[in-house]
Amino acid sequence: VQLQASGGGLVQAGGSLKLACVQSGSIFGLYNMAWYRQAPGKQRELVAVITNKFSTNYADSVKERFTISRDNSKNTVYLQMNSLKPEDTGVYYCNARNALLEYWGQGTQVTVSS
């Protein structure tokens, strides 16, 4: 299974970005998908998750600002990020997980300037 993330970049505070992660090599619809992020000098943290049943959950720090979604026909999970803050800066990683297996993408850098 391969996960290819894209969509990161440099944006001013208050701006928006949309990340995408395409999965290949397995049946996308069987996996719960998530986005994690890691800021410099900090541990990786869960940002948002969407299950294979389309149930979603978010970190408190991003609720009402970020939206996770998936398109099973495109094997893709998205993260729409609005009202970005400097503290959202970090490398964002795509994660795929089922009862037996877990996979990580390579990460995409998001930098929010104040």
For strands (runs of 3 or more DSSP E) lying entirely in the range 5-114, having 2 or more residues that are crowded, with 20+ Cβ neighbours inside 10 Å and small (G, A, S) picks out 90-97
Just the residues that are β-branched (V, I, T) and out of contact with any helix residue (DSSP H, G or I) (no Cβ under 8 Å at 6 or more places or on another chain), please, taken from the range 97-114.
T108, T111
Go through (1) of a type in the set (G, A, S); (2) modelled with pLDDT of 95 or more; (3) at positive phi one by one and return the number of the condition G107 breaks.
(2)
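The values are calculated or read from the model by the stated rules, or taken from the named source; none is laboratory data. None of the values given here were measured: they were computed from a predicted structure. When we count neighbours, we look across all protein chains shown, and the Cβ atoms used for this are built from the backbone with ideal geometry, even at glycine.
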